[in-house]
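Q: Got a structure for you, questions after.
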Amino acid sequence: MQQKVSKIGVLTSGGDAPGMNAAVRAVVRTGIYYGLEVYGIMRGYSGMIENDIVPLHSRSVANIIQRGGTILKTARCKEFFEYEGRSRAFGSLKKLGINGLIIIGGDGSFRGAHKFSTEFQIPCIGLPGTIDKDIAGTDFTIGFDTAVNTAVEAIDKIRDTADAHDRLFVIEVMGRDAGYIALHSGIATGAENILIPERKTDIEELISSLQEKEKRKKLVNLVVVAEGDNYGGAEEVAKVVKQRLPNIDTKVCILGHIQRGGSPSCIDRVIASRMGYSAVECLLEGKFNVMVGIVNNKMHFTPLEKAVKAKQKISDDWLRIIKILAS
Ligand code: F6P
């Protein structure tokens, strides 16, 4: 693997996450500080394949730290799964002399980066940018804090109307493979039940817990469901509840993509800035093919290969907390 990095490319890939812009800003300004040329690759790996690459200067990233979305745009790129696509992407980098890459995205994006760096000997650094927080080797992912706060704000509002009408709301939050948004937003809003993909949903357990609440006239209930819950999401759960407990006034609310947008929280801006800065230092120090994370408030480096294989685990303690506090 080549050692001296002089021109670097930065891209955002997969689902956008609030704080991606703060990370791009940190990469650009740290790179320039160290005398590197920095390029922005548009639309993730698609832009790399199509040679849609622009030089970035200090001013190019002015006034973006507070903005959601990503100025580089993002995409989920199927062509990059194929060797042909990766080879074309390498051709674009070669043309410009880019010899180091920083990829801000989720595990799918890291899988691509790992393959690409192995095939074409190009150093890659990953920054965990996903609202789902489903990546091992870091306590935080860029975007999670903002997304979960958006969900909390929305669920608080739903509780007001649920309370006014004595209703049960089944609320779906994002998280295709991970229940962190459901778990955190559910605990923070005092949800009565939380259903997550990491735990097989026992619908009978849910029904009997709601029956028991109905008996003691606890009629305002919130059930937070992660979209990837194995039972099939909020609509499916509500369907069964309506059939089995027809006296309960049950409504569904799917929060959807509002969780992905919006101005990043302070935490997301700060972690994105620290990670972006650290990614450039990794490239300069020859610490290649790692994902930059934060563990116990210290920078933590996980080989890209491992970051894509492992998932964070949800401990049984979390599930106990929900059960005890939801009475
Ligand atoms: O990975 C983040 C995420 O928001 C998931 O929670 C969700 O399932 C997925 O992206 C949705 O992706 P898209 O916006 O491409 O439909």
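Q: Check whether at least one residue in region 62-81 is without any contact (Cβ under 8 Å) to a residue 40 or more places away in the chain, more than 25 Å from the chain's Cα centre (by Cα) and open to solvent by 20 Å² or more (accessible area, probe 1.4 Å), and report yes or no.
A: The answer is no; no qualifying residue exists.
Q: Considering region 1-57 alone, what residues qualify as being part of a loop (DSSP other than H, G, I, E, B) and within 16 Å of the ligand (Cβ to nearest atom)?
A: S13, G14, G15, D16, A17, P18, G19, R43, G44, listed by residue number.
Q: Right, another one. For region 254-273, give me each residue that is part of a loop (DSSP other than H, G, I, E, B) and in contact with a strand residue (DSSP E or B) (Cβ under 9 Å, 6 or more places away or on another chain).
A: L255, P264, listed by residue number.
Q: Check off (1) modelled with pLDDT under 95; (2) in contact with a His (Cβ under 9 Å, 6 or more places away or on another chain) for A151 and give me the number that stays unchecked.
A: Result: A151 fails condition (1) only.
Yes/no matrix, rows are residues, columns are (1) open to solvent by less than 10 Å² (accessible area, probe 1.4 Å); (2) under 18 Å from G261 (Cα atoms):
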{"residue": "V5", "(1), (2)": "yes, no"}
{"residue": "G9", "(1), (2)": "yes, no"}
{"residue": "P18", "(1), (2)": "yes, yes"}
{"residue": "Y39", "(1), (2)": "no, no"}
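Q: Where in region 129-229 are the helices (runs of 4 or more DSSP H), entirely inside, with at least 2 residues that are more than 16 Å from the ligand (Cβ to nearest atom), open to solvent by less than 20 Å² (accessible area, probe 1.4 Å) and of a type in the set (S, T, N, Q)?
A: Once the helices (runs of 4 or more DSSP H) in region 129-229 are filtered for at least 2 residues that are more than 16 Å from the ligand (Cβ to nearest atom), open to solvent by less than 20 Å² (accessible area, probe 1.4 Å) and of a type in the set (S, T, N, Q), nothing remains.
Q: Kindly indicate the residue of region 82-105 that is outside any loop (DSSP other than H, G, I, E, B) and in contact (Cβ under 8 Å) with a residue 60 or more places away in the chain and also farthest from the ligand (Cβ to nearest atom) among those meeting that condition.
A: The extreme case among them is L96.
The values are calculated or read from the model by the stated rules, or taken from the named source; none is laboratory data. Nothing here was measured: the structure is a model prediction, and the numbers come from that model. Here Cβ is always computed from backbone atoms with ideal geometry, including for glycine, and neighbour counts include all displayed protein chains. For accessibility, only protein heavy atoms count, side chains too; no ligands or nucleic acids. Shrake-Rupley method; radii C 1.70, N 1.55, O 1.52, S 1.80 Å.
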